[in-house]
1. What does the helix-only formula give at 222 nm for the chain: each DSSP H stretch with n ≥ 4 adding -39500 (n - 2.57), the total divided by the residues, and the result rounded to the nearest 500 deg cm²/dmol?
2. Normalised by the residues of the chain, what does the relative contact order come to in percent, with Cα pairs under 8 Å and at least six apart?
3. Taking neighbour Cβ counts within 10 Å as the exposure measure, how do Phe40, Phe139, Phe92, Phe19 sort from fewest upward?
4. Take each of the peptides 9-17, 140-148, average the number of other beta-carbon atoms within 10 Å over its residues, and list them starting from the highest.
5. Kirkwood hydrodynamic radius, the chain, all distinct C-alpha pairs: what's the number in Å?
6. With the Cα gyration tensor of the stretch 74-119 giving a ≥ b ≥ c as the square roots of its eigenvalues, does the rule (a/c under 1.5 for rounded; else a/b larger than b/c for prolate; else oblate) give rounded, prolate or oblate?
7. Arg102 to Ile143: extension gain in nm, 0.36 nm per residue of separation minus the Cα-Cα distance?
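Readers should treat all values here as calculations from the given coordinates under stated rules, not as data from a laboratory. In this text the structure is predicted, and so the values were computed from the model without any measurement. Neighbour counts run over all protein chains shown; Cβ positions are idealised from the backbone, glycine included.
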Amino acid sequence: MTNSKIATATHVEQIRRCFPVMRQLRTHLATEGEFVDRVFRQQKQGYHLAYLENAGEVRAVAGYRFLESLFSGKNLYVDDLVTLENDRSSGFGGQLLAWLIRQARENNCESLELDSGVQRFDAHRFYFRQRLSISSYHFRIKIEPEVKP
């Protein structure tokens, strides 16, 4: 775990290196090219992609953005947080989360927030160990295109 480096992916090659890790969380992303294109589009909307590198390999990644709402004020919202499957419980996720908390503090955020799929029990245990708490439910409706006769 020593010699870990955390950086923000801004160049194509950095973003590409994050794909194998991110794909373990976002399995619907079929290709590296699709991932790179989506990251670049989202970056125009304030998305940041951070990665933790250790021994020359990307071990964990996080996608996040700074938001402000009436409900929770200014916050750092974590869209994605995942550690390479073989590296889970090695401390990389905790290092990256601690880095995100520092980013939130340095940017005068009142909180760090994230949503986690209800089926992700291992992730939930990790979040509880990191002192995160469940503060609300997240509701969703899928919007299908209107079918015209």
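1. Numbers: 4 runs with 47 residues, N = 149.
Calculated at 222 nm, the ellipticity per residue is -9500 deg cm²/dmol.
2. 20
3. Phe139, Phe40, Phe19, Phe92
4. On the way: 9-17: 14.6, 140-148: 5.1.
Listed from highest to lowest mean packing, they are 9-17, 140-148.
5. Values: mean 1/r = 0.0608 Å⁻¹.
For the chain, the Kirkwood estimate is 16.4 Å.
6. Values: a/c = 3.55, a/b = 1.54, b/c = 2.31.
Oblate, because a/c is 1.5 or more while a/b does not exceed b/c.
7. Details: separation 41, 0.36 × 41 = 14.76 nm, distance 3.58 nm.
Residue separation times 0.36 nm, minus the Cα-Cα distance, leaves 11.2 nm.
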